[in-house]
Ligand SMILES: Nc1ncnc2c1ncn2[C@@H]1O[C@H](COP(=O)(O)OP(=O)(O)OP(=O)(O)O)[C@@H](O)[C@H]1O
Ligand SMILES: [Mg+2]
């Protein structure tokens, strides 16, 4: 682990959608400034729930989350956006009836003055979107929508970006692009916490991975270590990893 300060500290989270039914049963994660973190685990493990709990969308009944030392447990999403947290959900992550540019404007609604400057910056990362800025998001392919969603989250210039399965449903080429772009965004100084179904690619690019199982963060190690871990190979990477 780097010797940078901790930026996100989730300690022993219990959280769920309905009272008395916890989906997260003690999730702990410590993320340092500038890290690229990958979260892997089986379907239904609580990966999306964990990101939603960090972003104030699922109530946390016990445990705490801090952002750069400030307690943000159960803080509302708009307050979190103001504090520099961006979230790209797994599904329904664009406004289909709005154009690409309007979607990006929505991303900057808390800081409209910065819109132009941010649009330029984000446009450099996603030139394709700029070429098609007046096209309605609803008429885009899955991969293009994913791009719009990521670009929208970046419009607020987040310090921490939460990504839920950014490569899901994309062709292998588009998946590669998404992983490369995520790493590029990370290299501009954005701390990234990414949930991924594509465990191998995710572990290849992340600094550290977490394995989430049954609502508990089972273990963590560097991406490289997890790629060689016999249990991770057996459960998440298949025999090709051996
Ligand atoms: N809105 C909801 N209301 C009630 N229960 C939910 C809701 N969303 C998810 N759950 C339940 O929470 C558990 C964890 O779901 P979650 O979506 O966090 O898993 P996941 O690890 O992201 O899975 P996947 O890999 O399939 O995306 C599941 O048992 C699911 O049924
Ligand atoms: Mg999920």
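For the criterion of being within 16 Å of ligand 1 (Cβ to nearest atom), over 13 Å from residue 158 (Cβ atoms) and either free of Cβ contacts under 8 Å to residues at least 60 places away in the same chain or touching a helix residue (DSSP H, G or I) at 6+ places or on another chain (Cβ under 9 Å) (or both), residue 59 passes.
Note on the range 201-231: residues that are farther than 18 Å from residue 179 by Cβ and either within 16 Å of ligand 1 (Cβ to nearest atom) or not in a loop (DSSP other than H, G, I, E, B) (or both) total 15.
Here is a yes/no grid of residues against (1) in a helix (DSSP H, G or I); (2) more than 16 Å from ligand 1 (Cβ to nearest atom):
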| residue | (1), (2) |
| --- | --- |
| 11 | no, yes |
| 43 | no, no |
| 49 | yes, no |
| 87 | no, no |
| 97 | no, yes |
| 104 | yes, yes |
| 115 | yes, yes |
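Residues in the range 219-231 that are under 27 Å from residue 63 (Cα atoms) and either at pLDDT 95 or above or buried (at least 16 other Cβ atoms within 10 Å of the Cβ) (or both): 220, 221, 222, 223, 226. For residue 121, are the conditions met, namely being part of a helix (DSSP H, G or I) and touching a helix residue (DSSP H, G or I) at 6+ places or on another chain (Cβ under 9 Å)? The answer is yes for residue 121. Among the residues of the range 168-181, those identified as closer than 26 Å to residue 105 by Cβ and either modelled with pLDDT of 95 or more or not in a helix (DSSP H, G or I) (or both) are 168, 169, 170. You will find that of 195, 190, 232, 211, the residue that is touching a helix residue (DSSP H, G or I) at 6+ places or on another chain (Cβ under 9 Å), away from ligand 2 (no atom under 16 Å from the Cβ) and under 23 Å from residue 23 (Cβ atoms) is 232 and no other.
The values are calculated or read from the model by the stated rules, or taken from the named source; none is laboratory data. Quantities reported herein were computed from a predicted structural model and do not represent experimental measurements. Quick reminder, even Gly has a Cβ in these numbers, built from the backbone with ideal geometry, and neighbours come from all protein chains shown.
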